[in-house]
Amino acid sequence: MSAVRRPSLPVRSLTVAELDQVMPIEMQAYEFPWSRGNFIDSLAAGYWAQGLFGTDENFASRLLAYVWAMPGAGEVHLLNLTVAPALQGRGHARLMLDHLVAWSRNLPADKLWLEVRPSNQRAISLYERYGFQTVGRRPSYYPAAHGKREDATVMSLDLMASPPGSRPPKAPQ
Ligand SMILES: CC(C)(COP(=O)(O)OP(=O)(O)OC[C@H]1O[C@@H](n2cnc3c(N)ncnc32)[C@H](O)[C@@H]1OP(=O)(O)O)[C@@H](O)C(=O)NCCC(=O)NCCS
């Protein structure tokens, strides 16, 4: 096991002022990114938006990852979870899920919902290993190449079950 201590990085609320940092990450991370208008609308709607930032010593204080979520009726819908492509695979997404779960439980909410493209195996693996279960499929939910549509896999996490974030064993390679 590594003896190197990971620095704890700050997570704070995002506003319109940070969208100049959000947009380049969003454009790099997705084939069909949210527009600036989508982010502005969801901030105006009061959705929860948090960013993980570097410090002076680490990553020059820049935005590393963000999460957007919509609360309602005792549940929370995860709308957008993105890590800067160059900084993926370092646990940043898992950290943002930890923040989302803590905030959701505090509301209080008892369930987290999300949609994910069935082709996004990396994200599905993140959610499954975090404890989310696949509960359904929404046909033709996402835009896809050549004017086609892609279904969404619907996943949920029971916030009353403990502890979310536990890691089921990895499937054999
Ligand atoms: C999906 C995404 C958020 C994961 O972020 P990340 O910072 O790389 O994830 P983490 O480092 O926190 O890894 C957490 C889990 O993700 C999965 N994961 C990470 N890197 C992976 C890789 N290269 N291949 C497959 N799974 C991987 C693993 O299950 C990992 O679990 P473990 O740490 O218990 O082994 C990131 O790849 C991303 O921003 N992708 C583009 C945007 C996107 O698709 N968002 C999700 C939309 S629903």
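The values are calculated or read from the model by the stated rules, or taken from the named source; none is laboratory data. The structure presented is a predicted model; accordingly, all values stated were derived computationally and were not measured. Methodologically, a virtual Cβ is constructed for each residue, glycine included, from the backbone with ideal geometry; neighbour enumeration extends over all protein chains shown. Ligands, DNA and RNA are stripped out before the accessible areas are found, and what is left, the full protein with its side chains, is counted by its heavy atoms. Shrake-Rupley method; radii C 1.70, N 1.55, O 1.52, S 1.80 Å.
For region 18-70, residues that are closer than 30 Å to D110 by Cβ, within 16 Å of the ligand (Cβ to nearest atom) and in a loop (DSSP other than H, G, I, E, B) total 3.
One residue alone among R138, R122, R129 is loosely packed, with under 15 Cβ neighbours inside 10 Å and within 10 Å of the ligand (Cβ to nearest atom), and that residue is R122. When every residue of region 103-121 is checked against the conditions, at least one turns out to be among the aromatic types (F, W, Y) and over 13 Å from the mean Cα position of the chain (by Cα). Within region 71-88, being within 9 Å of the ligand (Cβ to nearest atom), open to solvent by less than 30 Å² (accessible area, probe 1.4 Å) and not in a helix (DSSP H, G or I) holds for L78, N80, L81, T82, V83, A84. Within this structure, L97 passes the test of being of a type outside the set (V, I, T), over 20 Å from F32 (Cα atoms) and open to solvent by less than 40 Å² (accessible area, probe 1.4 Å). Taking the conditions (1) touching a residue at least 40 places away in the same chain (Cβ under 8 Å); (2) within 12 Å of the ligand (Cβ to nearest atom) in turn, W103 satisfies each one other than (2).
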